[in-house]
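Enquirer: So that we are looking at the same thing, I have put the structure below in structure tokens.
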Amino acid sequence: MRSIILRSCDGADHVVAQEAACLSKTVQSLLEELEESTLVVPLPNVCDCTLRKVLQYCTQHTALQRRVTDISDELRTREMEAWDKRYIMVSTDELYHLVMAAHYLNVPGLLELCCEGIANLIRGKSPEHVRQCFGLVKNFEAPEEENIRRTNLWALVDEKEQAKK
Amino acid sequence: MQVSGGFGRLTGLSFRASPQSEEDKEHHKMAVAWLLGQAKELVFLSLDLVGLPYLPHLSHIQHLQLDVSGGAFPRLAPVLTTLVTLRTLYLESTETQGAQEEATGLDLQTLTELESVMLDGAVPSALTLAEGTSLRVTVSQMPHHTSLPPEIWQAIARYLSARDWARVAGVCKTTWQLRLPEVRIKQNELRQGTLCREGAAWLLKRAQLARELLLDLPGDIAELQATLTALMQDKPRGWNF
């Protein structure tokens, strides 16, 4: 099986099976565009640490997909889900970088997994908490913010309180 | 302050202050500015001073440690490029809003002697270094992120209830202006009170931008019309019943 090298923005090389690397549609299309003899694919938007984590996902999912014959579809899905659940237990900062990398590298399964992970983190939280959680900057003008606060007031009221009314 | 001979021969300066009032803070800034104007031979400078008004051209400076909180970063960034003797640079920012750093690039191409750069909480939009410089760059405490791209927020929104999404919409401009690809309003949510009328109206406003609108409102036509009419009391522009 052919191996290729993925080079992170900070110059770290990762040797990976082409099959696993091609779970990333970005890498796949880069490989198609580059000459056939090319072994090194530069990824200027992903750092070493995040790339390592992305490749862990790609390698694991490729390995599980390949086990077509020895386990049933249901068992394979269950195994993948259990692995995914453990895999996505990362800090919010890591999750932020992972979702950005999954988006840039276009790994649909990983992107969905990260989005679900983020949704689980922000469910039930206030806008301020979400900002703090991901280090996002509030960039509204004062009148705009007041308008948003008024429009979204219903969402800030406790759900159970609302149901009682 | 009167000093015989002045500070012209000073080669090292470390200034730490804990001002008790705004007045104190201003006095500290003035004192440091005056001192820096005098000390032309400085090789080492470490300032723990928020809102440094300016930095003079220090022609001998080799080691510089600055706090760039309080909006000082955009003011000081251009001056840093003129300090061609600089060997180590440490910039710290303790601000909660990182917008100024994010909008300011740090072009250090002229600093060919530079050996180490450490950015602690001060995150420029870009960092350019002299070609061939052997450099160790450490960026730590990077608490501020640019918002996620709209496509990612759209994918996240699919996992959230209307109420949760409305909360997230108030996070930043990207989330507020987001086009939701799909809006669902279910009759049982309205009946059970998990989605209030204001919430449904909020969603219907978003539905103007949606590619898909799923209304699960069973019952006869009259009931459906009554529900929608009630929801549309706060009718978005361009909607007619």
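Enquirer: What is the one condition in (1) under 30 Å from residue B:66 (Cβ atoms); (2) modelled with pLDDT under 75 that residue B:180 does not satisfy?
Expert: (1)
Enquirer: Sort out which residues of the range A:12-37 are over 18 Å from the mean Cα position of the chain (by Cα) and in contact (Cβ under 8 Å) with a residue 24 or more places away in the chain, and write them in order of number.
Expert: A:12, A:13, A:14, A:16, A:17, A:19, A:31
Enquirer: Go through the range B:192-213 and give me each residue that's at pLDDT 65 or above and open to solvent by 30 Å² or more (accessible area, probe 1.4 Å).
Expert: Scanning the range B:192-213 gives B:192, B:194, B:197, B:198, B:205.
Enquirer: Determine whether the range A:53-71 contains at least one residue that is at the interface with another protein chain (Cβ under 10 Å from one of its Cβ atoms), among the hydrophobic types (A, V, I, L, M, F, W, C), open to solvent by less than 40 Å² (accessible area, probe 1.4 Å) and within 25 Å of residue B:154 (Cβ to Cβ).
Expert: No, every residue in the range A:53-71 fails to be at the interface with another protein chain (Cβ under 10 Å from one of its Cβ atoms), among the hydrophobic types (A, V, I, L, M, F, W, C), open to solvent by less than 40 Å² (accessible area, probe 1.4 Å) and within 25 Å of residue B:154 (Cβ to Cβ).
Enquirer: Continuing with the same structure: Taking the range B:132-154 as the region of interest, how many residues are touching a Ser or Thr at 6+ places or on another chain (Cβ under 9 Å), modelled with pLDDT under 80 and not hydroxyl-bearing (Ser, Thr, Tyr)?
Expert: 7
Enquirer: Of the conditions (1) at pLDDT below 80; (2) within 30 Å of residue B:126 (Cβ to Cβ); (3) of a type outside the set (A, V, I, L, M), residue B:46 clears all except one; give me its number.
Expert: Evaluating residue B:46 over (1) at pLDDT below 80; (2) within 30 Å of residue B:126 (Cβ to Cβ); (3) of a type outside the set (A, V, I, L, M) leaves (1) as the failure.
Enquirer: Every residue in the range B:35-80 that is open to solvent by 40 Å² or more (accessible area, probe 1.4 Å) and part of a loop (DSSP other than H, G, I, E, B), please.
Expert: Passing the criteria: B:40, B:41, B:43, B:50, B:53, B:54, B:57, B:59, B:60, B:62, B:70.
Enquirer: Being more than 14 Å from every other protein chain (Cβ to nearest Cβ), over 30 Å from residue B:150 (Cβ atoms) and open to solvent by less than 30 Å² (accessible area, probe 1.4 Å), is that true of even one residue in the range A:72-95?
Expert: So far as the range A:72-95 goes, no, none of its residues is more than 14 Å from every other protein chain (Cβ to nearest Cβ), over 30 Å from residue B:150 (Cβ atoms) and open to solvent by less than 30 Å² (accessible area, probe 1.4 Å).
Residue-by-condition table, conditions (1) assigned to a loop (DSSP other than H, G, I, E, B); (2) within 20 Å of residue A:97 (Cα to Cα); (3) among the hydroxyl-bearing types (Ser, Thr, Tyr):
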| position | (1), (2), (3) |
| --- | --- |
| A:5 | no, no, no |
| A:11 | yes, yes, no |
| A:23 | yes, yes, no |
| A:30 | no, no, no |
| A:44 | yes, yes, no |
| A:51 | no, yes, no |
| A:54 | no, yes, no |
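Enquirer: Could you please find all residues in the range A:124-144 being more than 7 Å from chain B (Cβ to nearest Cβ) and of a type in the set (A, V, I, L, M, F, W, C)?
Expert: Passing the criteria: A:133, A:142.
The values are calculated or read from the model by the stated rules, or taken from the named source; none is laboratory data. It should be emphasised that the depicted structure is a prediction, and the values quoted were computed from it without experimental measurement. Positions of Cβ are backbone-derived with ideal geometry, glycine not excepted, and every protein chain shown enters the neighbour counts. The protein model used for the area step is the full one, side chains on, heavy atoms only, and it has no ligands, DNA or RNA in it. Shrake-Rupley method; radii C 1.70, N 1.55, O 1.52, S 1.80 Å.
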